[in-house]
Amino acid sequence: MKKISNILAGTDFSESSQDGLAEALRIARDTGANLTILHVVDTELANHVERATNLSMAEILDHASDRLVKYLDDILGSDHGARVEALIGCPFVEILRAAKTHAVDLLVLGSGGSEMDGVHAGVLARRCVRKVPAMVLLVRERLNQPFRSVVACVDFSDNSNEAVELAAQVANQDGADLHLLHVARPVVP
């Protein structure tokens, strides 16, 4: 199995991303991986704040960095040991860039989204699953305990084999049940 050496966790200060951060820290501690936590202030928001407050982009970035450090200390404790980065840009682009720059093996995000039922992943999370060149773990809100059951979907491709290996690692670390799911389509004559 590919060893997890570098984990990137994104946060937008939501409950969903808070749970993702806790899971990323737990995995980093269990695997000995380096953890980088990233917050991206959207460029349009930064431009609006700059116009409305007369703060410079550097001041906005300093404020975001300070807020991120305080937030992480509050929810993870000051001994989290993670590298912390705050940037201004397009969140997806900056996550993709950071994943490449830090040679990330695993990206952890809160599943987010604005769906009322809370089970659908947000647009950014879905886009990251498709485009980030690393394994991606989306964490649902209110997941604040070890996994009890892990399901991995299998289509026998190299990607699904990696997913099964990671699922087995997570299930083993948490003492969870591991279920593998393969769906065979019926052959149409």
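The values are calculated or read from the model by the stated rules, or taken from the named source; none is laboratory data. This is a predicted model, so every value here is computed, not measured. Cβ: placed from backbone, ideal geometry, glycine included. Neighbour counts: every protein chain shown. Heads up: the accessible areas ignore ligands, DNA and RNA and are worked out on the full protein's heavy atoms, side chains in. Shrake-Rupley method; radii C 1.70, N 1.55, O 1.52, S 1.80 Å.
Quick notes
- Cα gyration tensor category, rounded, prolate or oblate, for segment 52-96 with a/c compared to 1.5: oblate
- For the chain, lysine pairs with C-alpha atoms less than 24 angstrom apart, excluding pairs fewer than eight positions apart on the same chain, total 5.
- Cα-based convex hull, the chain, per residue volume (Å³, whole number): 147
- When the charge dipole of the chain is built from unit charges on Cβ atoms (+1 for Lys and Arg, -1 for Asp and Glu) and taken about the Cα centre, the candidate among L25, A168, V84 whose Cα reaches farthest toward its positive end is A168.
- Over the chain, accessible surface divided per residue gives 59 Å², non-protein components excluded, 1.4 Å probe.
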